[in-house]
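Taken together, the values in this text are just the output of simple stated rules run on the coordinates, not laboratory data. As the structure is a computational prediction, the values presented were derived from the model and not from experiment. Counting neighbours? That spans all protein chains shown, and the Cβs are built from the backbone with ideal geometry, glycine included.
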Amino acid sequence: MVAQVVKLEKPAHSTLPSPAPRVPPQKGHVLINRVAVIFGRGAGAHAAVEETSLDIAPGEFVCLLGPSGCGKSTLLNCVAGYVAPTRGSVTVDDVPVTKPGPDRGMVFQQYSLFPWKTVLDNVAFGPRVAGRHDGEAIARTFLDMVGLSRFAKRYPGELSGGMQQRVGIARALANYPSVLLMDEPFGALDAQTRVMMQENLLRIWSEFGITVLFVTHDIDEALFLADRVLVMSASPGRVIADLAVPLARPRSPEIATEDAFIRLKRQCLERIRVESMRAFDQMNQ
Ligand SMILES: Nc1ncnc2c1ncn2[C@@H]1O[C@H](COP(=O)(O)OP(=O)(O)OP(=O)(O)O)[C@@H](O)[C@H]1O
Ligand SMILES: [Mg+2]
């Protein structure tokens with residue numbers, strides 16, 4: 001049987017052609033309002049995120065940069081609905097986040113695919129759970145978008161790390177989220193694959209006009225991708241710098257050699273260096 005391939009139902013706010021949506025996106029407004037996260041109680045209590053407020057505009061690409069253990073994943077998980085803030089609240093398009101939902105797609109560092117399902121069934125899973133009868137067609141469309149149509153019937157264990165991560169992105173997009181949350185998604189990939197994945201992600205982002213909140217340790221990655229880079233302090237994390245990245249789009253990897261890029265990198269490095277040393281000292285205490 002030849003599977004039907006659905007026409008992409010992009011959100012109303014997203015218009016082709018690439019690279020930039022002509023109409024500003026209207027969905028995917030993330031508001032983090034005085035969020036603080038403390039794990040545990042009493043003497044064992046550990047403050048993971050200090051009071052943090054952020055306003056992320058629909059369609060914005062924001063990178064969260066900070067030393068290990070500073071609370072990046074915790075903050076991302078508050079937006080995803082996996083972690084409930086101890087204080088404060090998160091809303092997406094004015095709806096309070098209380099649990100995970102299909103409006104927020106998540107891509108993890110470790111490929112978190114169902115190993116017993118084919119690539120196609122992994123991507124079709126979300127739409128099928130949502131009761132859509134055209135889950136397979138949606139999955140084929142998104143697999144095509146990440147360049148993996150030929151591997152639809154394979155199992156995750158038969159794919160390379162980069163390919164599995166592309167399946168992860170296709171799976172997150174198949175729910176038509178308004179926000180894509182990515183936790184060091186390319187951290188485990190080799191340098192070449194990583195660059196290719198970054199370019200692929202920017203293309204998808206510009207086509208869909210989706211809001212992206214992307215966690216990384218890598219300053220070059222953050223500056224290549226983002227409209228805005230948020231630098232977090234050592235634990236307990238709070239945002240200590242909010243840098244606009246006014247570099248022209250579409251971007252190619254050569255942008256890393258431009259003066260404006262290097263200037264921004266220096267600003268990030270200065271802020272990160274102090275915080276990384278603090279984080280290292282904390283872990284030794
Ligand atoms: N479920 C949990 N229970 C208790 N403590 C936790 C939990 N999750 C995270 N922490 C602690 O909260 C702090 C922040 O962790 P988090 O994973 O958010 O850091 P991170 O910035 O993502 O680090 P990395 O860059 O290494 O991934 C750490 O000290 C961690 O040990
Ligand atoms: Mg993390």
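Brief remarks on what is shown
- Sorted by Cβ neighbour density within 10 Å, fewest at the top, the residues Lys265, Lys72: Lys265, Lys72
- The lysine pair count for the chain, using Cα distances under 29 Å and pairs eight or more places apart or on different chains, is 13.
- The angle between the Cα long axis of helix 259-284 and the longest principal axis of the Cα atoms of the chain comes to about 70 degrees, rounded to the nearest 10.
- Between 0 and 90 degrees, the angle of helix 135-145 with respect to the longest Cα principal axis of the chain falls at about 70 degrees.
- Extension gain for Val95-Ile240 works out to 49.5 nm (0.36 nm per residue, less the C-alpha to C-alpha distance).
- Nearest-20 debye value, segment 181-271 charge dipole, Cβ charges on Lys, Arg, Asp, Glu: 260
- Computed extension length for Val129-Asp259: 42.0 nm, one decimal, from 0.36 nm per residue of separation with the Cα-Cα distance subtracted.
- Fewest-first sequence of His29, His133 by Cβ atoms within 10 Å of each Cβ: His133, His29
- Counting charges near Tyr155 (Lys, Arg +1; Asp, Glu -1) among other residues having Cβ under 13 Å from its Cβ returns a value of +1.
- Folded to 0 to 90 degrees: helix 191-208 orientation relative to the chain principal axis, Cα: 70
- Derived scalar couplings ³J(HN,Hα) [segment 159-172; Karplus, 6.51 cos²θ - 1.76 cosθ + 1.60; whole Hz; x for Gly, Pro]: 10, 6, x, x, 5, 4, 5, 5, 4, x, 5, 4, 5, 5
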